[in-house]
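Have a look at the structure below, then the notes.
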């Protein structure tokens, strides 16, 4: 696998967040949170490299393309890059359920932190519903994104049991 594939795939996702998809106003956080999820997954998949600085730069590009507060998505991507590599993560245990649980806990805390940070930035309480909707959507589609990135990494449909799951022995 090429070294630049994780960064390139996240870059494509960042550019896709700037496309006017015609999503309702409540869905504004879904696509940027998918970028954060991709950073988290690439850092957790064994045999892949996505440097935290690259994740922060891609998050900064997401900030520039979205027109939001500068550094908001960069901070979120940097946090995802850090948590995705923590001990006991997918890299060591290769347990999809544990990784999904880790993502659920992480994105819940990150969603609350993001809402508080955005409220502080605008000096008023912003609407929490779009962030909650994005968080719940990212939890639901986590396995799809994870298996999609594993497919991008391996270049084939289907999984390699030695890459994804713990062995039965």
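Assorted remarks:
- The angle between the Cα long axis of helix 52-66 and the main principal axis of the chain comes to about 40°, on a 0 to 90 degree scale.
- If R0 is taken as 35 Å, the Cβ-Cβ distance between residue 26 and residue 98 corresponds to a FRET efficiency of 0.70.
- Average Cα contact separation per residue, the stretch 5-157, under 8 Å, 6 or more apart, as relative contact order %: 28 percent
- The candidate values were (i) 16.2; (ii) 16.7; (iii) 17.4; the one computed from these coordinates for Kirkwood radius over Cα pairs in Å carries the label (i).
- With each label modelled as a point 7 angstrom along the Cα→C-beta vector, the residue 121-residue 16 pair spans 2.2 nm.
- Neighbour counting of Cβ atoms within 10 Å sorts the residues 122, 147, fewest neighbours leading, into 122, 147.
Every read-out reported here was derived from the displayed coordinates using simple, explicitly stated rules and does not represent laboratory data. From a predicted model like this one, the values you see are computed outputs, not experimental measurements. Note that each Cβ is placed from the backbone with ideal geometry, even for glycine, and that neighbours are counted across all protein chains shown.
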